[in-house]
Amino acid sequence: MTDDATTDTAAEADEAAPTDELREGIVEGFRERLGDAVVDTEVQPGLDVWVRVRADAWREAAEVARHHLDARYFTFLSVLDWLPSPFGRSMDAAVDVELARRAGEEAAAPATELAHGVTGGSTRFQVFARVAKVGHPNDFWGVTLKADVPDDTLTVDSWVPVYAGADWHEREAWEMFGLTFVGHPGLRHIYLPSDFEGHPLRKDFPLLARQVKPWPGIVDVEPMPGSGDEEEGEADA
Amino acid sequence: MTAVTDRQKLQYIAARAADARVNVELETEGMTLNIGPQHPATHGTLRIVAQLDGEQVIAAEPVAGYMHRGYEKLTEVRTYAQVTTLVNRIDWLGSFANEVPFILAAEQLMGIEAPPRATWIRTIFFEMSRIANLILFLGDMGVQLGAITPVFFAFRDREFVLNQIERVTGGRFHPNFDRIGGLKDDLPKGWIEDNKRTMEKVRSFCDEIEDLLMGSEIFQERTRGIGVIPPDVALQYGLSGANARSSGIDWDLRRDNCIGLAYPELDWKVWTHPDGDSFARFWVRLQEVREATRIIDQLCDGIPSGPIMAKVPRIIKVPAGEAWISTENPLGEMGYYVVSQGDLTPFRVKIRSASFNNVSITPWILRGVYVPDIITILASLYFILGDIDR
Amino acid sequence: MTHALLGLELAYWQQTIIRVLAGVTAILLLTGGVVYLYLFKFVSFMQSRLGPMEAGPYGSLQLLAEVGKWLQKEDVFTENSDRFIFGLAPAIVLASTFLMFVVIPAGPNAVIADLGTGIYYVLAMSSLSVLGILIAGWASANKYALMGALRAGGQLIAYELPLVLAVIGVVIAAGSLNLQDIVAAQSEGEIFGWGGIGNPYVLTQFVAFGIFMIAVQAELAQTPFDMPVAESELVAGYMVEYTGIRFLVYFISEFATAVGFAAVASTLFLGGWALPASWGISDGAMHVIGPIVIATKAVLLVGVVFWTRFSFPRFREDQLQRLAWKFLIPIALANILVTAVLKVAF
């Protein structure tokens, strides 16, 4: 992931200062308070910062952010399901096959292992949230916090005692991913009917409409302005 | 943190005291009132279950989800270019503004930067959608408070803005105009001159609203001190945009964290109001519409020439990575957390919409208010159902 | 009371039938005219739109189309509603409206019943509509309707007081409760010894006039006092469950009451059917001119009501109670005092 960061646009503009003292300072702030509960961190200079903490330090991380680092603004809380879709990669696969055919190769088999993103991970579900320090015209930053959710219990501490606004976000995460937030005042359905079964945003929950009828028009898209000439011929093929 | 004003303190204390009175003094059999899902004050299908004691609210619970369309799931089976069509429908009054953060996130992951002209035109339409959205708020606030004339003025003058958007994008409500790496089209000839006149009309609409509605004593009586949100509570609940600024929080993503838009090169001002009540929210939004017209005028004057599309691959495959981009949308902070695994489709898109957080404060803020104030507060918090339910 | 009408000698029952028919026709025509003129066209002009344009020239037959639509609609009773009372409520409201017109004079003898206590009869009849509204709200078995009805009850009772107190100023000045006498007093009166235009009480009783018009606005439940029907929160208040012909009855009575109160206000404050001062027009001619004069005055006053309605947001109910009890009633009382003192002094 660090390699990606250097290719990012803003990072290029910021190349004179590849280190980001502000964001390094945030990471330091978390490390200072949480010690070895901080599992991994990632700083994209000038862009963003990620901090992954242990699941048991999830609420403590929120307290540190809110009370010690002054990140009083709660942006969102949600969950990542890293399971590769058991239904294949639908139209991705179709395009891969098409591209491979043009290149005269075999299409790569769909991934079956968990491929975690920034700051890595070890479990299927990761809870992640974003908080920010706002209200000071020249002192704005936000941080994305992540934690691995144990696969066996699927529970994690609730943030509601720290950020009251996490209430609805945790209800959504509970209903969409089936994670339980310990200490939440009332986990109940927010979007779905109360007799709904399943957790729709999990990767193994089929989007039936798409299983029945594939989304059309992925290979023969209309030409876009600015697309290169050398690719025009390919599009016609 | 901005200091809490005396007014806010007093109103907060008064609200808590009213709470206590409801619980102790007036112990009567309550009544459950279902406001919505079909109700004129809910802009769609939000339902608010209010426990009433007489006309006073003991507890209120918003019930969302009547319009949930599952965009986060749908994005996982659409290419990046197709997602903009979906997200147009999130805040349907300021559609273009929904596309921008997603496109910016995709561009950040791909390492593409839109050419300056595209950036400036994006900023123009970003602000145009702000005007198209907030004008309706300014009129609708009147309707919710019983003055039906302002909303007709709002629709009349919003039409000029929509026409300008339509001339360029071909769509009045859902332009779907933003592309990874730039824009679909350039501005047509003569558009900029017409736009100046449109902005003039919008400004005169603002003056009209200020005279007709905001200056009315009844309006002030109905909104001042109603639904006071202290800054700290606003931040805890993740209130953003004008709702946060009217609680005295000096925070605007256009100024503080402007990625991929032309705001740093312009001369403009972030409006805040210390009171945090419904009037403040109306006032801040009115000033924001005015400020938006000034921003657009500057953008039209200084728009650079050049291409409107960067070099992008024929088939867009976004490199693996994660990006969070949020922008200052008409309703507040709208952001996309895009996770890519190097495919044509995003692996996961977390859509952070402003209204979801803005409305989640309602159980807190509606306690102890009167039924007519529910309407005032909901109208002044200003939500779009599509933005809550996604 | 003379039994001559337009120079004809008729039996009492014949006269009564003529008077009632003429009265009902006048009320419906005026109400329809007011709805078209103000609710359709004047408001459209204010809101920069055209309003109805298709039915008849400039949409002038739109109201007939609307009435036709309402008559066709299904007459819905909600499951838990108290059917008898639910159906009775609009009738009570409509009756109170029509009874108001009984004593309003439109000429020297163009009145259905010339009661000695005319103005108090009018105010009493107009307050009857509260009863209809309250039982409508209760019988609808709907929470919105109930809240609307209770708000209406509180509001209409609160604004009865300033209404009555404002009228007392006029009654003291005219020295009579009879509406014909009040008209005559204005026509023949003098303002501090100058009788060029008589003494329309809008000039000498302007405080009472202001209070009366504000109270009328509230009695009619028009914005800024439309909390009982507040369409953005109570949807339509006590009318929420009514459809078809019953809603039409409410609709007619709402605007007929507006015309009625405007006619009362023109009688009390603008000189009624009489022309300023006595211009020596015969009683016979006044029976033609009088109705036109009072209709013109009433329609203009209804215009003021609608102008206000479409210009302001609405008060919350505690705010409008405060306005009534803390401002209008004390001012009305002070007005009575000053009027009485002046009456005795001059």
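General observations
- Test: residue in region C:200-210 that is more than 11 Å from every other protein chain (Cβ to nearest Cβ), more than 26 Å from residue B:35 (Cβ to Cβ) and of a type in the set (Gly, Ala, Ser): yes
- With respect to the conditions (1) on the phi > 0 side of the Ramachandran plot; (2) at pLDDT 85 or above, residue B:146 lacks only one, and its number is (2).
- All of B:346, B:307, B:319 fail the test of being touching a Leu at 6+ places or on another chain (Cβ under 8 Å) and within 19 Å of residue B:111 (Cβ to Cβ), apart from B:319.
- Residues that are surrounded by 23 or more Cβ atoms within 10 Å (Cβ to Cβ) and among the polar types (S, T, N, Q), drawn from region A:15-65: A:44
- Residue C:214 being modelled with pLDDT of 85 or more and in a helix (DSSP H, G or I): yes
- Subset tally (residues that are closer than 13 Å to residue C:237 by Cβ, away from chain B (no Cβ under 14 Å) and outside any helix (DSSP H, G or I)) for region C:117-152: 1
- Residue A:175 vs. criteria without any contact (Cβ under 8 Å) to a residue 24 or more places away in the chain and acidic (Asp, Glu): no
- Selection within region B:206-242 - farther than 26 Å from residue B:152 by Cβ and either free of Cβ contacts under 8 Å to residues at least 40 places away in the same chain or not small (Gly, Ala, Ser) (or both): B:228, B:229, B:230, B:231, B:232, B:233, B:235, B:236, B:237, B:239
- Scan region C:44-66 for residues that are away from chain B (no Cβ under 12 Å) and crowded, with 16+ Cβ neighbours inside 10 Å and the total you get is 6.
- Filtered residues of region B:353-390 (kept if part of a helix (DSSP H, G or I), among the polar types (S, T, N, Q) and within 13 Å of chain A (Cβ to nearest Cβ)): B:355, B:357, B:358, B:360, B:362
- For residue B:140, the conditions (1) away from chain C (no Cβ under 14 Å); (2) of a type outside the set (Phe, Trp, Tyr); (3) under 20 Å from the mean Cα position of the chain (by Cα) are fulfilled apart from (1).
- Residue within region B:221-229 that is over 17 Å from residue C:310 (Cβ atoms), modelled with pLDDT of 85 or more and touching a Gly at 6+ places or on another chain (Cβ under 6 Å) present: yes
- Selected residue [touching a helix residue (DSSP H, G or I) at 6+ places or on another chain (Cβ under 7 Å), of a type in the set (Lys, Arg) and at pLDDT below 85] from A:101, A:33, A:54: A:33
- No other residue among C:174, C:236, C:221, C:184 is within 14 Å of another protein chain (Cβ to nearest Cβ), surrounded by fewer than 24 Cβ atoms within 10 Å (Cβ to Cβ) and within 22 Å of the chain's Cα centre (by Cα) apart from C:236.
- Counting only helices (runs of 4 or more DSSP H) wholly contained in region C:255-346, the ones carrying 3 or more residues that are over 30 Å from residue B:150 (Cβ atoms) occupy C:283-309, C:329-345.
- Odd one out for residue C:77, checked against (1) more than 21 Å from the chain's Cα centre (by Cα); (2) aromatic (Phe, Trp, Tyr); (3) part of a helix (DSSP H, G or I): (3)
- Residues that are outside any loop (DSSP other than H, G, I, E, B) and either within 8 Å of chain B (Cβ to nearest Cβ) or at pLDDT 55 or above (or both) were ranked within region A:196-231; the one that is farthest from residue B:62 (Cα to Cα) is A:231.
Per-residue answers, yes or no, for (1) within 21 Å of residue B:128 (Cα to Cα); (2) within 13 Å of chain A (Cβ to nearest Cβ); (3) at pLDDT 90 or above:
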site	(1), (2), (3)
B:234	no, yes, no
B:237	no, yes, no
B:241	yes, yes, no
B:249	no, yes, no
B:258	yes, yes, no
B:264	yes, yes, no
B:267	yes, no, no
B:270	yes, yes, no
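- The set of residues from region B:299-315 being more than 19 Å from residue B:343 (Cβ to Cβ) and either within 8 Å of chain A (Cβ to nearest Cβ) or in contact (Cβ under 8 Å) with a residue 60 or more places away in the chain (or both) comprises B:299, B:300, B:302, B:303, B:304, B:305, B:306, B:307, B:308, B:309, B:310, B:311.
- When B:338, B:284, B:289, B:318 are checked against the criterion of being on the phi < 0 side of the Ramachandran plot, part of a strand (DSSP E or B) and more than 7 Å from chain A (Cβ to nearest Cβ), B:338 stands alone in meeting it.
- Residue list for region B:258-279, restricted to those being assigned to a helix (DSSP H, G or I) and of a type in the set (Lys, Arg): none
- Within region B:292-315, being under 23 Å from residue B:78 (Cβ atoms) and outside any loop (DSSP other than H, G, I, E, B) holds for one residue alone: B:309.
- Within region A:178-195, the set of residues being out of contact with any Ser or Thr (no Cβ under 9 Å at 6 or more places or on another chain) and either surrounded by 12 or more Cβ atoms within 10 Å (Cβ to Cβ) or assigned to a strand (DSSP E or B) (or both) comprises A:178, A:189, A:190, A:191, A:192.
- Looking across B:308, B:296, one residue alone is closer than 30 Å to residue B:190 by Cα and over 22 Å from the mean Cα position of the chain (by Cα). It is B:308.
- Residues that are crowded, with 16+ Cβ neighbours inside 10 Å and either of a type in the set (Phe, Trp, Tyr) or farther than 30 Å from residue B:235 by Cβ (or both) occur at least once in region A:138-151.
- Subset of region C:278-313 [charged (D, E, K, R) and modelled with pLDDT of 85 or more]: C:297, C:309
- Residue match in region B:323-332 (condition: in contact (Cβ under 8 Å) with a residue 40 or more places away in the chain, closer than 26 Å to residue B:372 by Cα, crowded, with 18+ Cβ neighbours inside 10 Å and at the interface with chain A (Cβ under 10 Å from one of its Cβ atoms)): no
- Residue count for region B:343-352 satisfying the condition of being of a type in the set (Val, Ile, Thr) and assigned to a loop (DSSP other than H, G, I, E, B): 1.
The values are calculated or read from the model by the stated rules, or taken from the named source; none is laboratory data. This one's a predicted model, so the numbers in the text were calculated from it and none came from an experiment. Quick reminder, even Gly has a Cβ in these numbers, built from the backbone with ideal geometry, and neighbours come from all protein chains shown.
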